[in-house]
Amino acid sequence: MSEIILKAENISKQYRLGLIGTGTISHDLNRWWSKVRGKDDPFLKVGEINDRSTKGESDYVWALRDINFEVKRGEVLGIIGKNGAGKSTLLKILSRVTSPTTGEIKTKGRIASLLEVGTGFHPEMTGRENIYLNGAILGMTKAEIRSKIDEIIEFSGCERYIDTPVKRYSSGMRVRLAFAVAAHLEPDILIIDEVLAVGDAEFQKKAIGKMQDISKGDGRTVLFVSHNMAAVKSLCSRGILMDQGKVVFEGDVNECINFYGSRKTSINKFAHKKKTHILDNVRILDIKILNQYGEKITTVFSGNKIVFKFKILKENFKDPIDLGIGFYSSDDTPQFHCSTEVIKKPYVLDSDEFLSTLIIEKWPLIEGDFYINVYIRSRQKLLDYIKEAMWIECEKGDYFNTGVVPSWRVGFYCDYDWK
Amino acid sequence: MKDENWLYTISSKHKLINLNFKEIWRYRDLLLLFVKRDIVTLYKQTILGPLWYVIQPLFTSVIFTLIFNNLANIPTGDGVPAFLFNLAGITSWNYFKECLTGTSSTFTKNQNIFGKVYFPRVIMPMSIVVSNLLKFGIQLLVFIVFYLYFVFVKGANVLPNINLLLLPLIVLVMALLGLGFGMLISSMTTKYKDLTFLVQFGVQLLMYGSAVMYPLSYFEEKLPNYSWLVEYNPIAIVVETFRNMTLGVDSFYLDKFIYAVVFSILIFLLGLVVFNKTEKSFIDTV
């Protein structure tokens, strides 16, 4: 069982930013000249860490830098990380769509990827013809597909349309059909990237179920990339956390997900990165999270009072504005939402800058890391929106003021009484 | 742990010639399915359908006959109907042209598919060459129909000769030339798109230099200083040979023919090497 089926050694990938066009020839010639003289590629030295939000010096960035990992046969490995951490690049290299700049990957099995389903569907051909074509593109032989075609059609749930050109399909049907083909692949190593984000709830359930069958039942090796932490948790046994092109954590999947949560360093620090300003004169300048004594906190206990102080800029803007704040758990599940709109208390003040305060008398969430999305609206129009503005840690507390901490670990607390 | 028995390695370093024939063979079903796709879908939602294969060479031949033979008085040899002469030239030229233009956009046209899944990329241009074979077959059939018409109804004095046995080789040479040049161009267009424009009118120019609408001997007689242009053009040799074996006109020189065969193999190998080198990372530059 412990045989290593895939081994990545010092994988790096460099990309050139900006337009390819002017200067490409000169760089190519430069590269060629160094090669002729037997020297290293000069542009390999100038790469920078791939940080999307800051302006860099160089045209070259490292999407991946010295990635090393091993995968054992039968293992389901989850790869997690923020957008731009290099997950997809890694998968592209693994599935041989592109080659690494340095390093190598050794494998003992055939790799098939499910990067984006529906690749190579031809709109003019029928569903059945497309199953054959798509299956062959993904690496199946005709005979293999023929033996599974009934199963595939049944799984897709598109039986009625199977002899109709795919161009007549709804987008949902197309995805179902494509996923059905891909799910019946039988490679030694299967790479899955975000495919679970497709289809309706019923089909998603079916898809996750199929994934579980593939990984658990058949003992297939699977590399699974997703932002859906719940899916990663339920499917994977081991995890790799990537950040800025590097592997920052490798180990048990639960530890990996926790580590990912804890790395969201902006706990009780206002993050400016994901802002979408519509207007310059109306926006959220700062947010503070305080406890009942007015002290800044990073951790809140359930049942405690929590205060959010917003510093708002409102220059030359006469209309009343509404504020809203949404609470999300670290796997992006919405928890609850507080806005001035639903309680009909818009801000009509006329000052250029003011402080607004949201008070939650008894914090209802139980444990884990949560983040907030905040926004300003005026007359149903969005003026400012900050995604993942702040993170707050949450721990179980004495919600009912009885000295008894409830054993219930997920969901909400609420006030109640028994008579 | 034994490290020797890796199935394959994904690496930044590539050998110059890295052809995995075993892998191509494993994907043979894909090649056939691509061929089927090309053939089935090309004329979907057209009324005339595959008739277009027939119409195009016929009309071109008629126009060529009018312009080059009736107007410009280019001779086509003793007793050989000009129309048949042109049809022969176009039939053979077309196959090369279709292979070249079809394969020359392999990377740019398929970047969607190539960017997501791996299969030996060379399957794609190969499938184009194979599916064009059907087109060529239909056009050859048309040629044969008119051939028989001219021989038996019009009593034209045309005779095929023993060289007809070389026909499969001729087709292969045309396929290799089209594929080789196509793969070269396709590889180069991933970074520099200029070539796409060149292909469009370059192919047209090449036709005039490939003895399609005139016999090579006539060109040598009229423009002796430039005759090497056509003489060493392998496609011109192919076209001439095709007319020689079917109509009994034009010259056939074994040495030239061997030169064309060798040339086509070399260009095919060169194309394959460049194509293989490009496919590793073209997705980053396309």
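The values are calculated or read from the model by the stated rules, or taken from the named source; none is laboratory data. Computed from a predicted structure; not experimentally measured. Cβ sites come from the backbone with ideal geometry, for glycine too, and all protein chains shown count toward neighbours. Note: accessible area is taken over every heavy atom of the protein model, side chains too, but ligands, DNA and RNA are not part of it. Shrake-Rupley method; radii C 1.70, N 1.55, O 1.52, S 1.80 Å.
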Q | Nearest-0.05 FRET efficiency for B:LEU141 and B:GLU221, computed from C-beta distance (R0 35 Å) | A | 0.55
Q. Spin-label point model (7 Å from Cα, Cβ direction): what's the B:VAL62 to A:GLN292 distance in nm?
A. 9.6
Q) Dividing the alpha-carbon radius of gyration of chain B by 2.2 N^0.38 Å (N being the number of residues), what value is obtained? A) 1.11
Q) Which percent of the accessible area of the protein assembly as shown is formed by carbon and sulfur heavy atoms (probe 1.4 angstrom)? A) 58
(Q) For region A:316-406, which trypsin sites (Lys or Arg not before Pro) pass both filters: DSSP loop (anything but H, G, I, E, B) and at most 16 other C-beta atoms within 10 Å? (A) A:LYS318, A:LYS344, A:LYS362, A:ARG379
Q) What is the mean number of Cβ atoms from other protein chains located within 10 Å of the Cβ atom of each residue in peptide A:90-96, rounded to a whole number? A) 3
Q) Around B:LEU166, what is the net charge, scoring Lys/Arg as +1 and Asp/Glu as -1 over all other residues with Cβ under 13 Å from its Cβ? A) +1
Q) Accessible area per residue, 1.4 Å probe, Å², for region A:275-395: what's the number? A) 49
Q) What does the charge add up to near B:GLY182, with Lys and Arg as +1, Asp and Glu as -1, over the other residues with Cβ less than 15 Å from its Cβ? A) 0
(Q) Suppose all protein chains stay in the model; what accessible area per residue would a 1.4 Å probe give for region B:188-286, in Å²? (A) 49
Q) Amide H neighbours of A:THR164 under 5 Å, counting only residues 5+ apart in sequence or on other chains, H built in-plane at 1.01 Å? A) A:GLY127, A:ARG128
**Q.** Exposure of A:HIS122 as accessible area (Å², to 10), given a probe of 1.4 Å and all protein chains
**A.** 40
Q. Summing +1 for each Lys or Arg and -1 for each Asp or Glu, what net charge is found among the other residues whose Cβ lies under 13 Å from the Cβ of A:VAL405?
A. -1
Q. Going through region B:7-116, which trypsin sites (Lys or Arg not before Pro) have at most 12 other Cβ atoms within 10 Å and a DSSP loop state?
A. B:LYS13, B:LYS15
Q: With r as the distance between the Cβ atoms of A:LYS345 and A:LYS167 and R0 = 60 Å, compute the FRET efficiency 1/(1 + (r/R0)^6) and round to 0.05.
A: 0.70
Q: Apply the Kirkwood formula to region B:68-184: the hydrodynamic radius equals the inverse of the mean of 1/r over all pairs of different alpha-carbon atoms; give it in Å with one decimal.
A: 16.3
Q. With each label point set 7 Å from Cα along the Cα-Cβ vector, what nm distance links A:THR333 and A:HIS277?
A. 3.6
(Q) Treating only the Cβ of Lys, Arg, Asp and Glu as charged (+1, +1, -1, -1), what charge dipole size does region B:21-285 show about its Cα centre? Round to the nearest 20 debye. (A) 1020
Q | A:GLU75 accessible area, assembled protein chains, probe 1.4 Å, Å² | A | 20
Q: Only Lys, Arg, Asp and Glu count, each charged at its Cβ (+1, +1, -1, -1), so figure out the dipole size of region A:278-419 about its Cα centre, rounded to 20 debye.
A: 340
Q: Would you grab the residues whose amide H sits under 5 Å from the one on A:ILE191? Only those 5+ places off in sequence or on another chain, please, with H modelled 1.01 Å from N.
A: A:ALA112, A:SER113, A:LEU114, A:LEU223
(Q) If you take the accessible area of B alone plus A alone and subtract the pair, what total do you get in square angstrom, rounded to 100, with a 1.4 Å probe? (A) 4100
Q. Taking +1 at the Cβ of each Lys and Arg and -1 at the Cβ of each Asp and Glu, which of A:ASN316, B:ASN157, B:TYR226 sits farthest along the dipole of the protein assembly as shown towards its positive end, judged by Cα position relative to the Cα centre?
A. A:ASN316
Q.
So, R0 is 56 Å and r is the distance between the beta-carbons of A:ASP252 and B:LEU169; what FRET efficiency does that work out to, to 0.05?
A. 0.30
